[in-house]
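The structure under discussion appears below in the form of structure tokens.
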Amino acid sequence: MMKRMRWTICTVLACMLVLFALPVMAQSDTPQANAEQIRQQLFTVQSKLMLGDTTAATTAMQSASDLYNSSLKPIFSKSVPDVATSIDKGFKQASDALQAGDGLTLAIARGGIWTDFLNASSQLAVQAIKANDGKTAAEWLLLREFTASTKFSRPNSDATKAIQAFIAGDGKAEDALAAIHNDLLDSYQAQLTTSLANADDAHRNGFDLRQAEEVGLAAGYFNILASTYAEQRGDAALKQTTQVFNALERVAISGDKYSYELNMETVQAALKGFRAAPLSETDQARRAGQLIRFVDLVSIEYKRGIRDGVVVKDIEIQEATTFLEASTAAFNDISQTLEKQDVDKASRVATLLAQMKTQIQTTADPNALQASGDSIQTILKDIVPAKWQQVASTSDMDVIVSILDQIPLAVKGNQYDLAESARLEAYGLLELGMEQRLRGFAPDMAAEIEGLFWQGGTMPHDADDVGTGDGVTPGLAYLIATRAPLAQIKSTIAILKTTFVQAQQIMDAGKSTPTIVISNSAIIVFREGLEAVLILASLLASLRSLEERQFRRPIIIGALLAFVATGLTWWAANALLQTMLPLGERLEAIVSLIAIGVLLIITNWFFHKVYWTGWMAGFHSKKRNLVNGVAVITAGQMLGLIILGFTSIYREGFESVLFMQSLVLEAGLSIVLQGVALGLVGVAIVGVITFTLQRKLPYKKMLVVTGVMIGFVLLTMVGNTVHVMQVVGWLPINPIIGVNLPLWMGQWLGLFATWQGIGFQIAAAAFVIGSYVWAEHMNKGRRESKPAVKEAKEQKEQVVVSSVESHA
Amino acid sequence: MKSKVILLAVMLSVLILPFSRVFGADDKADLDAVKTYLLGKANDLADGSKLLTESTDAYYELAKAAKFDYAQLWKDKQKEVAVAIEAAKKQWIVISPFYEQMEGIVAGVPSLSNYDAIIDASPSGEEDPDNAVDFTVDLPSGDKLEKPGALFNVLESTLWGTEPKYVSDAKIDVDGDGKIGFGDELPDANILKGTADALASQAAELLKSATAWEPNESDAFTALVVMVPTMSEYFGSWKISRFVEGDDATGKNFSVISRLSDITGILSSLQVIYDGVSPLIEAKSPEQHEQINQGLVDLKAFVEDILKQENDGKRFKPEEADIFGTEAQDRAQTITGQITQAAALLDITIQE
């Protein structure tokens, strides 16, 4: 009985042990676990051989082989026989290499076996989904690799989520298949890029074993992508590229450095523009934006490099070619979507891009090239989805800098293609926006920035700079093409950003210095104030008798009300401007034009004394009508005189307010108010001297001097306004070749070396001078033809000034 | 009868126990254990770095008394100086692993990661102006060290003289082994004291922040995703350290404690974090949990094996170090990939 009892307990305990062990055994027997163990054993083979322990290496080789034969081979042989055959070859190659003590061949074989495992698992996951077996698919999908997890990007989880949804019955098989397909293709293309970069890195360091290992992996990853590559490039291209990979493996083993570099170059060329997984919607929109921008840039660059059918600047033609290649690559990435919109039009774009290539190669007429580009743009407007087209146009400095910041990230991930794409995108934005203006306002700076984007800057930086070999900063295009170290690329980007800041200063030079704004506003306020004082003084002086003096009060009240009204006008104008601020620089251009109009009126007024004297005479006439023969002031007279005082002063105030708004937009309220205060102090002094101290001032000379100063203000303002209009694109920019004006001339005089800027300033000066000459001519004619009138007029003018002077 | 009851109970247990793992799996994260672990190490570091300042203060007072004439200092106070420096070196060796054993958590948790830069990870402004942490060490002389890099690195360079500007010109047999060798330098007392004080201050602040930290699942997953795939960086610094390159080492740091030792410390802390969140993953996908867990175990064992060989006297060549680093990184990347998949399935956010 006891024996039976013991036996039963022992049996139960044994069962218990087995049952406990079952989950563990099951977990360690998953395809992923087996594959990982084999991979680790093969690494042990490699490391032991490397460290000279061949016995341990042989043991590990045997373990790896046994585990494969017992676990994965039966499945692979049945479901993915081609891959199983390849793995068998890999094991044989590895085993032979171990026996021969050939670490390099072993490294390549190891990479091949592992990537075959990944290939098999991908195919088996797909087969399982097709067989409606989500659980098995999920199990196979554990045997995979991911894109590198960095601070800025994490591996995506589309495939995992899709399979889970499929298992749960929430997702369709085709969705799961698409997610697996895209996720794995994307991951293995990233791994291919990384392995090739690592191989190059090892090559530079002379680490042959590591180089062979990475080459083996790269060839394996390419093998996983092979069918997609053939779909996109054709079987012949696949065959050719596969041969190059095989050659790369051979030279990695033979140690032929020259052939390695040659084959690596061929591999990189064969992979250029290849994108295994389709782009996301966001990425497609971005590529569409690039296509739209780059197509325009092709003809812009080309035009700069061609004169009379001859290439005069190779670099510009090279840039045009680069943009055409980038346009074509962007088009290829979105061509399937565009074909869905209109297959014929999409095909026409492809034809036109090819035509542009031929046009560049045959040094065609720039206008013909531009016509091709324009045709493409017309078609793109029809077939590129509207929301994608909205991505294209901005040229904000921050956007350019943020795109530049993507370059080091891409380089860090060895994605030099991505880095080049970001470089071109940043340059495209620059070229379509800021660079156009820089070429006009600071050609040297434009050349420097262009150099930094392409083959090298024009200004010397570090003595040990490489690239152009002449001690200048190497350009980004050169650095990316030569796969320069990250530190060097970051260094050029840092210099580029500093240069941007300087460029921005030049762009801001259209904004005058605070000092010039203060002095301009002070001049205007003083001048307008002086006119107001003179008018007021003239009116008051003419009311000398005791009876007439009672009429002075309403005029003064009117003048004071004009001050208040001027303040209210300022407030209203400012409030209006605030609502229009979203117009940005365009508002500045509009208001500047109004200010110029005001200035032109003032100057014209000044030279055509007849207007001014007529204006004054008008006031006097109104005054006479109001006061003549009246002993006691009536309410109507009172109102009339208040209005007289008001209108005589408010006109000056209104002009000043209009003019000041331009300065407020340019330099801000506080700066302008400083100038206003200064001008008002001057006016107050004149007012005190005139009205309180009743002293005589050289009013005529003061009017002349302030008039000349306003002429100066006018010219500065015309220069700045043209600059602003060029910035907002309302005027073209044609630089005056060979003329480089210093920054301060822009800030103080509004002088910029563009034909438009200088031309309009000359025109404004001509207008003012012409106005003066014409006024003089008119006066002379009047004097000669109507001496009596002239005499009367002169007498009238004399009344104006002398009345003020006599009052004083 | 009694025996039959016992037998029945045993059989029932046998039937139930294996399934209890599945049905009874606790699907809640246990992050208290992570915090307890962190506080233990942070306490050790705070106490240890305070102790370090006793030696550095003593050395500073000696140097100050000698008016910072180091040749004279050595001549007059050889024994006291040697004792102070040796004590500081020993204490550095004690406290450095305290940090490494919690680095996975401190560096990986966004709210604590700035301490990692200041204490252990940042390059100096001279080495990498863009990525150096913006931090200043105030020296007793009134001078400042702007962007000096990680405090542990500055201290190591000062105590063992791997950075010439942090030590005096005098070449002196500090350890008394009869020859002028590695570490036979008299540190610049100003820099040594200023940096040790800064470390003590930062360690105290870290302890405060760690105490205030309320761990959550997002923090834990973020720490794993950020820190696991950093193997290549650590192996990279090992490759250029004295442990691989010997006297020709191009790296100024990690000359005293092998970087491999640091890696095992970091992996230990990452395992603590993973243990905290593993119930969540196990409940969702047992296979994925098994893969991640085993991956971390294997990765740590892989590094420990190399460290053991190194401790046994094996000196690896740079290319060998490179091969090991690549292998570790490949493994780490796969583990990280699976952690990100698990986080996605659990709808847990990985922070930027």
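The values are calculated or read from the model by the stated rules, or taken from the named source; none is laboratory data. This structure is a prediction, so every number in the text was calculated from the model and none was measured. Here the Cβ positions follow ideal geometry from the backbone for every residue, glycine too, while neighbour counts run over all protein chains shown.
Which residues, counting only those in the range A:433-450, are of a type outside the set (Asp, Glu) and either at pLDDT 85 or above or surrounded by fewer than 19 Cβ atoms within 10 Å (Cβ to Cβ) (or both)?
Within the range A:433-450, A:443, A:447, A:449 qualify.
Within the range B:40-61, can you find the residues that are among the acidic types (Asp, Glu) and in contact with a helix residue (DSSP H, G or I) (Cβ under 7 Å, 6 or more places away or on another chain)?
Just the residues of the range B:40-61 that are among the acidic types (Asp, Glu), to begin with: B:44, B:47, B:54, B:57, B:61.
Answer for the range B:40-61, where residues must be among the acidic types (Asp, Glu) and in contact with a helix residue (DSSP H, G or I) (Cβ under 7 Å, 6 or more places away or on another chain): B:44, B:57.
Mind checking whether some residue in the range B:132-140 is under 21 Å from the mean Cα position of the chain (by Cα) and exposed (fewer than 14 other Cβ atoms within 10 Å of the Cβ)?
Checked against the condition, which is being under 21 Å from the mean Cα position of the chain (by Cα) and exposed (fewer than 14 other Cβ atoms within 10 Å of the Cβ), the range B:132-140 yields at least one hit.
Within the group A:217, A:225, A:291, which residue is within 14 Å of chain B (Cβ to nearest Cβ) and part of a helix (DSSP H, G or I)? Explain how you work it out, then say what you get.
Working: A:225 fails: within 14 Å of chain B (Cβ to nearest Cβ); A:291 fails: within 14 Å of chain B (Cβ to nearest Cβ).
Result of the check over A:217, A:225, A:291: A:217.
Can you pull out the residues in the range A:186-207 that are closer than 17 Å to residue A:105 by Cα, part of a helix (DSSP H, G or I) and at the interface with chain B (Cβ under 8 Å from one of its Cβ atoms)?
Passing the criteria: only A:202.
Somewhere in the range B:204-218, is a residue of a type in the set (Lys, Arg), in contact with a Leu (Cβ under 8 Å, 6 or more places away or on another chain) and part of a helix (DSSP H, G or I)?
Taking the range B:204-218 first, the residues of a type in the set (Lys, Arg) are B:208.
Subset that is in contact with a Leu (Cβ under 8 Å, 6 or more places away or on another chain): none.
Checked the range B:204-218: no residue is of a type in the set (Lys, Arg), in contact with a Leu (Cβ under 8 Å, 6 or more places away or on another chain) and part of a helix (DSSP H, G or I).
Take residue A:167 and decide whether it is closer than 30 Å to residue A:60 by Cα and more than 9 Å from chain B (Cβ to nearest Cβ). Break it down stepwise before answering.
Details: closer than 30 Å to residue A:60 by Cα: no; more than 9 Å from chain B (Cβ to nearest Cβ): yes.
In short, no.
Against the definition (at pLDDT 95 or above and surrounded by fewer than 21 Cβ atoms within 10 Å (Cβ to Cβ)), how does residue A:116 come out, yes or no?
Working: at pLDDT 95 or above: yes; surrounded by fewer than 21 Cβ atoms within 10 Å (Cβ to Cβ): no.
Criteria not met by residue A:116.
Find all pairs meeting these conditions: Cβ atoms under 6 angstrom apart; at least six residues apart or on different chains; first residue within the range A:53-78 and free of Cβ contacts under 8 Å to residues at least 12 places away in the same chain; second residue surrounded by 15 or more Cβ atoms within 10 Å (Cβ to Cβ) and small (Gly, Ala, Ser).
A:77/A:84
Let me confirm something: among A:518, A:493, which residue is assigned to a helix (DSSP H, G or I), within 23 Å of residue A:453 (Cβ to Cβ) and either modelled with pLDDT of 85 or more or away from chain B (no Cβ under 14 Å) (or both)? Quick ask: steps written out before the conclusion?
Working: A:518 fails: within 23 Å of residue A:453 (Cβ to Cβ).
Sole residue among the options that is assigned to a helix (DSSP H, G or I), within 23 Å of residue A:453 (Cβ to Cβ) and either modelled with pLDDT of 85 or more or away from chain B (no Cβ under 14 Å) (or both): A:493.
Run residue A:571 past the list (1) within 30 Å of residue A:429 (Cβ to Cβ); (2) modelled with pLDDT of 85 or more; (3) out of contact with any helix residue (DSSP H, G or I) (no Cβ under 8 Å at 6 or more places or on another chain) and report the number of the one that doesn't hold.
The failed condition is (1).
Condition check: among the basic types (Lys, Arg) and either without any contact (Cβ under 8 Å) to a residue 12 or more places away in the chain or outside any helix (DSSP H, G or I) (or both). Does residue A:345 satisfy that? Steps first, please.
Numbers: among the basic types (Lys, Arg): yes; either without any contact (Cβ under 8 Å) to a residue 12 or more places away in the chain or outside any helix (DSSP H, G or I) (or both): no.
Criteria not met by residue A:345.
Yes or no, residue by residue, for (1) facing chain A (nearest Cβ under 10 Å); (2) in a helix (DSSP H, G or I); (3) among the aromatic types (Phe, Trp, Tyr):
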site	(1), (2), (3)
B:305	yes, yes, no
B:308	no, yes, no
B:320	yes, yes, no
B:337	yes, yes, no
B:343	yes, yes, no
B:350	yes, no, no
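Is it the case that the range B:147-156 has a residue that's in a loop (DSSP other than H, G, I, E, B), farther than 29 Å from residue B:351 by Cβ and either in contact (Cβ under 8 Å) with a residue 40 or more places away in the chain or out of contact with any strand residue (DSSP E or B) (no Cβ under 7 Å at 6 or more places or on another chain) (or both)?
No, the conditions are met nowhere in the range B:147-156.
Please go through the range A:250-282 and give me each residue that is assigned to a helix (DSSP H, G or I) and free of Cβ contacts under 8 Å to residues at least 24 places away in the same chain, ordered by number. Reasoning before the result, please.
Initially, the range A:250-282 is screened for residues assigned to a helix (DSSP H, G or I), giving A:250-254, A:257-271, A:281-282.
Passing the criteria: A:250, A:251, A:254, A:258, A:259, A:262, A:263, A:265, A:266, A:269, A:281, A:282.
With the structure loaded, tell me whether residue B:55 is at pLDDT below 90, more than 25 Å from residue B:221 (Cβ to Cβ) and part of a helix (DSSP H, G or I) or whether it fails that test. Steps first, please.
Values: at pLDDT below 90: no; more than 25 Å from residue B:221 (Cβ to Cβ): yes; part of a helix (DSSP H, G or I): yes.
Spelling it out, it is not the case that residue B:55 is at pLDDT below 90, more than 25 Å from residue B:221 (Cβ to Cβ) and part of a helix (DSSP H, G or I).
Can you give me the number of residues within the range B:96-113 that are assigned to a helix (DSSP H, G or I) and more than 14 Å from chain A (Cβ to nearest Cβ)? Can you show your working first?
At the first step, the residues of the range B:96-113 found to be assigned to a helix (DSSP H, G or I) are B:96-108, B:113.
If we keep only those that are more than 14 Å from chain A (Cβ to nearest Cβ) too, we end up with B:96-106.
Total meeting the criteria: 11.
Within the range A:657-669, does at least one residue satisfy the condition of being farther than 25 Å from residue A:760 by Cβ, at pLDDT below 80 and not in a helix (DSSP H, G or I)?
Within the range A:657-669, one or more residues are farther than 25 Å from residue A:760 by Cβ, at pLDDT below 80 and not in a helix (DSSP H, G or I).
Output the residues belonging to the range A:362-398 that are surrounded by 15 or more Cβ atoms within 10 Å (Cβ to Cβ), at pLDDT below 90 and assigned to a helix (DSSP H, G or I).
A:388, A:389, A:397
Considering every residue within the range A:85-100, establish whether at least one is more than 17 Å from residue A:249 (Cβ to Cβ), within 14 Å of chain B (Cβ to nearest Cβ) and touching a residue at least 24 places away in the same chain (Cβ under 8 Å).
First, the residues of the range A:85-100 that are more than 17 Å from residue A:249 (Cβ to Cβ): A:85, A:88, A:95, A:98-99.
Adding the requirement that they be within 14 Å of chain B (Cβ to nearest Cβ) leaves none.
Within the range A:85-100 (the criterion being more than 17 Å from residue A:249 (Cβ to Cβ), within 14 Å of chain B (Cβ to nearest Cβ) and touching a residue at least 24 places away in the same chain (Cβ under 8 Å)), the answer is no, since none of the residues qualifies.
Right, residue A:47: under 50 Å from the mean Cα position of the chain (by Cα), buried (at least 24 other Cβ atoms within 10 Å of the Cβ), assigned to a helix (DSSP H, G or I) and among the polar types (S, T, N, Q) or not?
Working: under 50 Å from the mean Cα position of the chain (by Cα): yes; buried (at least 24 other Cβ atoms within 10 Å of the Cβ): no; assigned to a helix (DSSP H, G or I): yes; among the polar types (S, T, N, Q): yes.
It is false that residue A:47 is under 50 Å from the mean Cα position of the chain (by Cα), buried (at least 24 other Cβ atoms within 10 Å of the Cβ), assigned to a helix (DSSP H, G or I) and among the polar types (S, T, N, Q).
Out of (1) at pLDDT 95 or above; (2) buried (at least 18 other Cβ atoms within 10 Å of the Cβ), the odd one out for residue A:198 is which?
All conditions are met except number (1).
I'd like the residue in the range B:251-282 that is over 17 Å from the mean Cα position of the chain (by Cα) and within 14 Å of another protein chain (Cβ to nearest Cβ) and, out of all such residues, is nearest to residue B:338 (Cα to Cα).
Step by step, filter the range B:251-282, then rank; the result is B:281.
Within the range B:322-335, restricting attention to residues that are more than 20 Å from residue A:33 (Cα to Cα) and more than 7 Å from chain A (Cβ to nearest Cβ), which residue is farthest from the chain's Cα centre (by Cα)?
Ranking the qualifying residues of the range B:322-335, first place goes to B:324.
Which is of a type in the set (A, V, I, L, M), at pLDDT 90 or above and touching a Ser or Thr at 6+ places or on another chain (Cβ under 9 Å), of A:288, A:277, A:270?
On the way: A:288 fails: at pLDDT 90 or above; A:277 fails: at pLDDT 90 or above.
Answer to the selection: A:270.
Would you please list the contacts, defined by Cβ atoms under 6 Å and residues six or more apart or on different chains, that run from a residue in the range A:123-152 that is more than 8 Å from every other protein chain (Cβ to nearest Cβ) and in contact (Cβ under 8 Å) with a residue 24 or more places away in the chain to a residue that is surrounded by fewer than 19 Cβ atoms within 10 Å (Cβ to Cβ) and polar (S, T, N, Q)?
So the pair list comes out as A:124/A:79.
Hey, among B:85, B:93, which residue is of a type in the set (A, V, I, L, M), under 17 Å from the mean Cα position of the chain (by Cα) and assigned to a helix (DSSP H, G or I)?
Working: B:85 fails: under 17 Å from the mean Cα position of the chain (by Cα).
Result of the check over B:85, B:93: B:93.
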